[in-house]
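Worksheet: the structure to be examined is printed underneath.
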Amino acid sequence: MVAAARIRSLLAACLLTVAAGCERLGMPDPEKQAAQKEADGRAVGAGCRHSGRPIEDCYKLNPKAPKAAVFAGWKDMNDYMAENKIQTAAVDQDQTTEEPEQASGDQSTSKHDAPGEKPDGEHKAAGN
């Protein structure tokens, strides 16, 4: 009987050791992932507010971030900045609400250009 109790306690200790090291084995912890996603969303919102971006732009620039967390971070930073009289930081205007193809700088073709037009609107000379 003593041997069986000893084996059970040894087995329990081994299971606890393995369960405690689940992160090292690559097994994700859903609670930690949710907390990390929430923290990231709040950081995104706070950064957007500090840079002076409206909340709508923040949502557009960060579509994968949870909107509730982004808003909470934006609001917290707004309150903090108002309380401490902090001005907004300068924003890189290239990353505002422009469409991705326009922001990349590739403007060689446009939806409105006809096949025989140059991108700047000049037409090719037909008979020259």
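Just so it is clear, none of the values below were taken in a lab; they were calculated from the coordinates. For clarity, every value in this text was computed on a predicted model and none was experimentally measured. Because the Cβ atoms are built from the backbone with ideal geometry, glycine has one as well, and the counts that use them run over all protein chains shown.
Extending each Cα 7 Å along its Cβ direction at Lys37 and Ser51, get the distance between those two points in nm, one decimal.
Modelled inter-label distance: 2.3 nm.
Return the tail of the calculated pair distribution for the stretch 28-89, meaning the percent of Cα-Cα pairs more than 15 Å apart.
46
Arrange Asp40, Asp76, Asp29 by Cβ neighbour counts within 10 Å, fewest through most, would you?
Asp29, Asp76, Asp40
Among Tyr80, Tyr59, which comes first, second and so on when ranked by fewest other beta-carbon atoms within 10 Å?
With the fewest neighbours first, Tyr80, Tyr59 line up as Tyr80, Tyr59.
Testing the spin-label approximation: label points 7 Å from Cα along Cα→Cβ at Arg6 and Lys67. State their distance in nm.
6.3
If I take every Cα pair under 8 Å that is 6 or more residues apart in the stretch 28-89, average their sequence separation and divide by the length, what percent do I get for the relative contact order?
41
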